[in-house]
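Colleague: What follows is a single structure, and I will ask about it in a moment.
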Amino acid sequence: MSSIPVEDGGMPVAWVRLMRVQLLQRQRLEAALLRDHDLTLAAYDVLLQLSWAADGRLRPVDIARRMVVAQSGITRLLGSLERRGLVRREAGEADGRVRAAVLTEDGWRVLAAAAASHVRNVDAAFTQHLSASELDQLAGLLARLPGGDVEITGPHPVAGRETPGLRSGAEAPTER
């Protein structure tokens, strides 16, 4: 275990450890997603957010809000995912000038494959090191911090699990 000196009045040990663990695990998880699925964590998160959307579509501003990032970054990322055929943009139902992102069939397939391996990697890097009680306690503690009260809007799109727009055992929804 490396030792990071913390002087009186310095950073709390819990903060230093949280940042160190988060950075290290994020690097490892992103490397695995890139290697296995050619997805960054941000691209994976966009696909995940779209899979959780009630009607399967989100405006870039709503994706950015859910991910707590700048909309300009999401716009560029959506362009990249669109060129790969993983998302498409459609005119909004209420306002044709607003374009919403929607997962394509290929997007659903890539997300399902990436989600299955990502969940295994998160388990190996994180959940297997803590008991169910400790995970619940950690989630409760983090929920008390600003930004920690995130609402999980649906189950993870791993094969065999219920996903909005994709029933267990069903194929990805067909494109309109």
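Colleague: Would you pick out the residues in the range 1-47 that are touching a Gly at 6+ places or on another chain (Cβ under 9 Å) and either closer than 21 Å to residue 76 by Cα or at pLDDT 95 or above (or both)?
Modeller: Residues of the range 1-47 touching a Gly at 6+ places or on another chain (Cβ under 9 Å): 16, 42, 47.
Passing the criteria: 42, 47.
Colleague: Condition first: of a type in the set (Gly, Ala, Ser), touching a helix residue (DSSP H, G or I) at 6+ places or on another chain (Cβ under 8 Å) and under 30 Å from residue 84 (Cβ atoms). Now tell me which residues in the range 111-153 satisfy that.
Modeller: Going residue by residue through the range 111-153, those that are of a type in the set (Gly, Ala, Ser) are 112-117, 124-125, 131-133, 139-140, 143, 147-148.
This time we only want the ones that are touching a helix residue (DSSP H, G or I) at 6+ places or on another chain (Cβ under 8 Å), so: 113-115, 117, 125, 148.
113, 114, 115, 117, 125, listed by residue number.
Colleague: Further question: Check whether at least one residue in the range 94-101 is in contact with a helix residue (DSSP H, G or I) (Cβ under 7 Å, 6 or more places away or on another chain) and either within 15 Å of residue 42 (Cβ to Cβ) or crowded, with 16+ Cβ neighbours inside 10 Å (or both), and report yes or no.
Modeller: Start the filter on the range 94-101 by keeping residues that are in contact with a helix residue (DSSP H, G or I) (Cβ under 7 Å, 6 or more places away or on another chain), which leaves 101.
With either within 15 Å of residue 42 (Cβ to Cβ) or crowded, with 16+ Cβ neighbours inside 10 Å (or both) added as a condition, the list becomes 101.
Within the range 94-101 (the criterion being in contact with a helix residue (DSSP H, G or I) (Cβ under 7 Å, 6 or more places away or on another chain) and either within 15 Å of residue 42 (Cβ to Cβ) or crowded, with 16+ Cβ neighbours inside 10 Å (or both)), the answer is yes, since at least one residue qualifies.
Colleague: Might you check whether a residue that is polar (S, T, N, Q) and in contact (Cβ under 8 Å) with a residue 40 or more places away in the chain occurs anywhere in the range 41-52? Don't jump to the end; show me each part of the working.
Modeller: Start the filter on the range 41-52 by keeping residues that are polar (S, T, N, Q), which leaves 49, 51.
Applying the additional criterion that residues be in contact (Cβ under 8 Å) with a residue 40 or more places away in the chain yields 51.
Yes, the range 41-52 contains at least one residue that is polar (S, T, N, Q) and in contact (Cβ under 8 Å) with a residue 40 or more places away in the chain.
Residues checked against (1) touching a Phe, Trp or Tyr at 6+ places or on another chain (Cβ under 8 Å); (2) at pLDDT 90 or above; (3) in a strand (DSSP E or B):
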site	(1), (2), (3)
96	no, no, no
100	no, yes, yes
112	no, yes, no
116	no, yes, no
124	no, yes, no
175	no, no, no
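Colleague: Any residue in the range 116-141 that is under 14 Å from residue 21 (Cβ atoms) and in contact (Cβ under 8 Å) with a residue 40 or more places away in the chain sitting within a Cβ distance under 7 Å of a residue that is surrounded by 13 or more Cβ atoms within 10 Å (Cβ to Cβ) and of a type in the set (A, V, I, L, M, F, W, C)? List the pairs, counting only those 6 or more apart or interchain.
Modeller: 122/29; 125/29
Colleague: Touching a residue at least 24 places away in the same chain (Cβ under 8 Å), farther than 22 Å from residue 148 by Cβ and more than 16 Å from the chain's Cα centre (by Cα) - does that describe any residue in the range 63-77?
Modeller: The answer is no, given that none of the residues of the range 63-77 is touching a residue at least 24 places away in the same chain (Cβ under 8 Å), farther than 22 Å from residue 148 by Cβ and more than 16 Å from the chain's Cα centre (by Cα).
Colleague: So if I check each of 43, 31, 53, which one is farther than 18 Å from residue 84 by Cα and surrounded by 18 or more Cβ atoms within 10 Å (Cβ to Cβ)?
Modeller: Values: 43 fails: farther than 18 Å from residue 84 by Cα; 31 fails: surrounded by 18 or more Cβ atoms within 10 Å (Cβ to Cβ).
Answer to the selection: 53.
Colleague: Could you tell me which residue of the range 65-83 is surrounded by the most Cβ atoms within 10 Å (Cβ to Cβ), considering only residues that are at pLDDT 90 or above and closer than 23 Å to residue 27 by Cβ?
Modeller: 74
Colleague: With closer than 17 Å to residue 88 by Cβ and acidic (Asp, Glu) as the only criterion, which of 38, 55, 45 stands out?
Modeller: Working: 38 fails: closer than 17 Å to residue 88 by Cβ; 45 fails: closer than 17 Å to residue 88 by Cβ.
That would be 55, the only listed residue that is closer than 17 Å to residue 88 by Cβ and acidic (Asp, Glu).
Colleague: Of the residues that sit in the range 84-93 and are modelled with pLDDT under 95 and part of a strand (DSSP E or B), which one is surrounded by the fewest Cβ atoms within 10 Å (Cβ to Cβ)? Give the derivation first.
Modeller: Going through the range 84-93, the residues modelled with pLDDT under 95 turn out to be 89-93.
Filter once more, so that each one left must be part of a strand (DSSP E or B): 89-91.
Numbers: 89: 17, 90: 14, 91: 11.
Going through the qualifying residues, I end up with 91.
The values are calculated or read from the model by the stated rules, or taken from the named source; none is laboratory data. Given the structure is predicted, the values throughout are model-derived calculations rather than measurements. FYI the Cβ positions are ideal-geometry reconstructions off the backbone, even for glycines, and counts take in every protein chain you see.
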